[in-house]
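Asks: Here it is, the structure, as structure tokens.
The values are calculated or read from the model by the stated rules, or taken from the named source; none is laboratory data. Please read these numbers as outputs of a predicted model, since none were measured by experiment. No Cβ is skipped: glycine too gets one built from the backbone with ideal geometry, and neighbour counts run over all protein chains shown.
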């Protein structure tokens, strides 16, 4: 393949590797300015009979459409083209300049928990988008995660396209058979059996994390002979909360894993967040002014038990006394656990609740205590199971029904949470925190009108509840009732003047009400109370652009970049503001930094071209406009601006083509029509002048001949 040019365009320059599914090459795209690099994947169907090729062709078209849709994400390579040539299938994707994670995750070189958490979070954010598109990657491993030269991670090599090469066709009928696509060691059992799920990707990512934390190769990882679970914690230095997340990611049974990247990402984010808004009533410790009396009762029970044994009283009475002793011991442990819970010593509390349950298995309060402790430890699925046990023992246990709803909210099982809250409210309607939590579940289901009714009930019971007012404002905002949302945020701010989030959201409402000056003040208050609130600095800068206060806007964007140096929106807006005050060189520099973060945004290439045009760097401007057109072919403004640059380079025929194309995509584009007509008029006049000059020369020659 080296040196070959596919479809007259993609010149193969090197081989990146291959296997049973196909080969991957680096190529030059000879149809684009500068012949940029791209990645070409050649797929090899296992057979070439007509039936197999027909099936492969259908799958190829379907999967290419999927890859094109995925390529909209800035951390997934963009699909540039796909085609069939000589009964072979090709994908052309964006070239990523960087290295894969196998250069960072190496056997014998464990990396820190903090580094792994950072890696996990970044990959899960990409994978969340993939799963939202109903796509399973199927082949997550360090070699398929690239570190771009800008430091960001990129997910490559989706296993779905490999199905094209593994389809079996028998006697003209398609046989359902899926080869276990993936990399050995990273494939969970259900994927090995040809039934991958979203949680299969979570498993592979968990294995990658374990390998990074332990420094062990995949072949060195141990498994429990009885459960098939991976034994790894003794080889790594991790805290229990993070270890629990990793364990859940790599459970042998896919039903016990996080079901999607969203759930895993939320669990990871919860590591560094304060616990939720759940409020549970703690059983108070009874006053005990005379501890000796308690000891005396215990001694009397023991003496009675011994006397009964000596006098031969029946077993029934003995069992009754043993149960009484057990009940007393369980009660003591329960009270001890409550004390630990109050002190936020949750692991100690959990141990005591469990001991109480071991002594008295049907102790509903201890099950409820265990559940609320597990909730605080962010073990929401286990908390749910404990709440269910408490409810099984005591069906009308209001506190367990409400706690169960809180756990279901955390698990993003919102409708089930609502059902639990409804049961709790039926048992006790005057519970403001439950009404508020029900509203949150309804909001997450985008049932905002119903949510507002729940928040109103919470506020009615607890008028000074800042969370309920805040949640109500957010629901009103999502209903586009901006004036009502603003009034509600004002109430939140009245209750808590330093609530930077309320100031920020009130600013957003004001923007939608076209009250830009007031929005500027709201954003300024948000950053006053939280100086590192980069989202508020960004919105403040954009409002200043709307107010044409460009130097102040630039300073606001600098604050964003102080806390997020690679914030694309800040770099882009900074470039735009610099352009407006004619600081074109600096504008281009800002645009270049933004492009390093996200290169496939047509707007930034277009605006970069405009700054270069102002600098009279017309050839560079044209290259920029070409990139904008590459990412948005029908962007009439880029075609028009390209035409203007070509006119300045006196490339008139090409300029006419550019103007014509701009008009094609926007028939009412007045500036392009005028420029087109003017250029044609100029060219016609030049042609007339040229003809007149020619005639003049010919006439002069004729008379010179006769005169001669």
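Asks: Being in contact (Cβ under 8 Å) with a residue 40 or more places away in the chain and either in contact with a strand residue (DSSP E or B) (Cβ under 8 Å, 6 or more places away or on another chain) or within 18 Å of residue 676 (Cα to Cα) (or both), is that true of even one residue in the stretch 626-640? Walk me through it before giving the result.
Replies: Filtering the stretch 626-640 down to residues in contact (Cβ under 8 Å) with a residue 40 or more places away in the chain leaves 626, 630.
Subset that is either in contact with a strand residue (DSSP E or B) (Cβ under 8 Å, 6 or more places away or on another chain) or within 18 Å of residue 676 (Cα to Cα) (or both): none.
No, the stretch 626-640 contains no residue that is in contact (Cβ under 8 Å) with a residue 40 or more places away in the chain and either in contact with a strand residue (DSSP E or B) (Cβ under 8 Å, 6 or more places away or on another chain) or within 18 Å of residue 676 (Cα to Cα) (or both).
Asks: With the requirement that a residue be under 19 Å from residue 646 (Cα atoms) and either in contact (Cβ under 8 Å) with a residue 40 or more places away in the chain or not in a helix (DSSP H, G or I) (or both), what does the stretch 668-694 give you?
Replies: Within the stretch 668-694, 669 is the sole residue that qualifies.
Asks: Identify, from the list 203, 252, the residue that is in contact (Cβ under 8 Å) with a residue 40 or more places away in the chain, part of a loop (DSSP other than H, G, I, E, B) and either more than 22 Å from residue 377 (Cβ to Cβ) or within 23 Å of the chain's Cα centre (by Cα) (or both).
Replies: None of the others qualify; the one that does is 252.
Asks: Within the bounds of the stretch 474-491, is there any residue that is more than 27 Å from residue 547 (Cα to Cα), touching a helix residue (DSSP H, G or I) at 6+ places or on another chain (Cβ under 6 Å), at pLDDT below 95 and in a helix (DSSP H, G or I)?
Replies: yes
Asks: Being over 21 Å from residue 7 (Cα atoms), modelled with pLDDT of 85 or more and out of contact with any helix residue (DSSP H, G or I) (no Cβ under 7 Å at 6 or more places or on another chain) narrows it down to one of 65, 37, 106, 41, so name that one.
Replies: On the way: 65 fails: over 21 Å from residue 7 (Cα atoms); 37 fails: over 21 Å from residue 7 (Cα atoms); 41 fails: over 21 Å from residue 7 (Cα atoms).
One residue alone meets the criteria, 106.
Asks: Ok, one more. Yes or no: the stretch 594-607 includes at least one residue that is over 36 Å from the mean Cα position of the chain (by Cα), part of a helix (DSSP H, G or I) and surrounded by fewer than 18 Cβ atoms within 10 Å (Cβ to Cβ).
Replies: Taking the stretch 594-607 as the starting set, the residues that turn out to be over 36 Å from the mean Cα position of the chain (by Cα) are none.
No, the conditions are met nowhere in the stretch 594-607.
Asks: When the residues of the stretch 353-369 are filtered to those that are within 26 Å of residue 246 (Cα to Cα) and without any contact (Cβ under 8 Å) to a residue 24 or more places away in the chain, which remaining residue is surrounded by the most Cβ atoms within 10 Å (Cβ to Cβ)?
Replies: In this case the residue turns out to be 353.
Asks: If you go through the stretch 416-444, how many residues are outside any helix (DSSP H, G or I) and modelled with pLDDT of 95 or more?
Replies: Narrowing the stretch 416-444 to residues outside any helix (DSSP H, G or I): 428-431.
Filter once more, so that each one left must be modelled with pLDDT of 95 or more: none.
Here the count works out to 0.
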